[in-house]
1. Would you please list the contacts, defined by Cβ atoms under 8 Å and residues six or more apart or on different chains, that run from a residue in the range 116-140 that is basic (Lys, Arg) to a residue that is in a loop (DSSP other than H, G, I, E, B)?
2. Give the range 168-194 a look and list any residue that's among the aliphatic types (A, V, I, L, M) and more than 21 Å from residue 230 (Cβ to Cβ), or say none.
3. Could you pull out the residue among 238, 213, 177 that is more than 15 Å from the chain's Cα centre (by Cα), over 24 Å from residue 71 (Cα atoms), of a type outside the set (D, E, K, R) and at pLDDT below 95?
4. Mind telling me which of the residues 148, 217 ends up being under 18 Å from residue 84 (Cα atoms) and among the hydrophobic types (A, V, I, L, M, F, W, C)?
5. Among the listed residues 187, 169, 124, which satisfies the condition of being under 18 Å from residue 241 (Cβ atoms), buried (at least 16 other Cβ atoms within 10 Å of the Cβ) and aliphatic (A, V, I, L, M)?
6. Going residue by residue through the range 216-224, is there one that turns out to be in contact (Cβ under 8 Å) with a residue 24 or more places away in the chain and within 22 Å of residue 78 (Cα to Cα)?
7. Suppose the filter is in the same structural domain as residue 78 (by TED's automatic domain parsing), crowded, with 16+ Cβ neighbours inside 10 Å and more than 24 Å from residue 38 (Cβ to Cβ); does residue 116 pass it?
8. Could you check residue 81 against (1) buried (at least 17 other Cβ atoms within 10 Å of the Cβ); (2) outside any loop (DSSP other than H, G, I, E, B); (3) hydroxyl-bearing (Ser, Thr, Tyr) and say which number it fails?
Amino acid sequence: AEPAAADGAQGGEHASMGTALSGLAVSQDGFTLEADQTNFTGAGPKRFTFRIVDDRGRVVRDEYEVESERELHLVVVRRDTAIYEHVHPTKGEDGMWSVDLALREPGVYRAFADFQIDGKKRALATDLFVAGDSRPNPLPEPKPVNAVDGYAVRVDSSQPLQAAQARTLTFAISRDGKPFGALEPYLGARGHLVALREGDLGYLHVHPTDGVGGNRVAFEARFPTAGRYRLFFQFKTGGDVRTVAYTIEVPR
């Protein structure tokens, strides 16, 4: 199963098109993610601190470029994709990043540090471990409509999904059976989308296209390989950020 085809592709320039998966390694292009601690125990928030170092071992401090209103985005997801966090750490003068993570259940999590330097986006990743009895959940079956906080959100594709082919994914938001278009800006956009490939959690972060409004938010993405992906779409209403998740299947 896959999202149903929309009436047509959405026009407008896109801010970013996903073309390749990242987040598969702790190092890329001479940059390395170094975490102070990756093992956690107990209930309550967990303090996560880390730095990005260059190929000379120097801590990156001022080279970050603002992207979606932040110098760095941190996405944390349990490896079964059942738990998802998108947070924004605070950077100290020494270049150290810190943030409190919920990590509310035991298991293995993947932490993606998403940033841009010299015009190139990168996502470095490391595993985090929360002690306790953990039973992975199976990936939910694909379906086009999911709900969050009283909102129903439908995802459609401009054409049938196919590996390595660009597609426009449109998310239509409704409430009480009626289109809901009163979306508030979130990090400078009407919505954000992260896709994770089943198995290795290859990471794809894309931003909305221009020229689409009302209750719809559209993204142009290219899934590089066949397989199942977990999508996390975020939008903001009433001052709160809502997250709705989907499973999609991308054929060859």
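The values are calculated or read from the model by the stated rules, or taken from the named source; none is laboratory data. All values derive from a computational prediction rather than experimental measurement. Methodologically, a virtual Cβ is constructed for each residue, glycine included, from the backbone with ideal geometry; neighbour enumeration extends over all protein chains shown.
1. Filtered contacts from the range 116-140: 120/29; 121/16; 122/29.
2. Step one: of the range 168-194, the residues among the aliphatic types (A, V, I, L, M) are 169, 172-173, 182-183, 187, 189, 193-194.
Listed by number, the residues that qualify are 182, 183.
3. Values: 238 fails: at pLDDT below 95; 177 fails: at pLDDT below 95.
Answer to the check: 213.
4. Working: 217 fails: under 18 Å from residue 84 (Cα atoms).
Sole residue among the options that is under 18 Å from residue 84 (Cα atoms) and among the hydrophobic types (A, V, I, L, M, F, W, C): 148.
5. Details: 169 fails: under 18 Å from residue 241 (Cβ atoms); 124 fails: under 18 Å from residue 241 (Cβ atoms).
It is 187.
6. Here is the first cut: in the range 216-224, the ones in contact (Cβ under 8 Å) with a residue 24 or more places away in the chain are 216-224.
Checking which are within 22 Å of residue 78 (Cα to Cα) leaves us with 223.
So far as the range 216-224 goes, yes, one or more of its residues are in contact (Cβ under 8 Å) with a residue 24 or more places away in the chain and within 22 Å of residue 78 (Cα to Cα).
7. Working: in the same structural domain as residue 78 (by TED's automatic domain parsing): yes; crowded, with 16+ Cβ neighbours inside 10 Å: yes; more than 24 Å from residue 38 (Cβ to Cβ): yes.
Judged against the criteria, residue 116 is a match.
8. Status for residue 81: all satisfied but (2).
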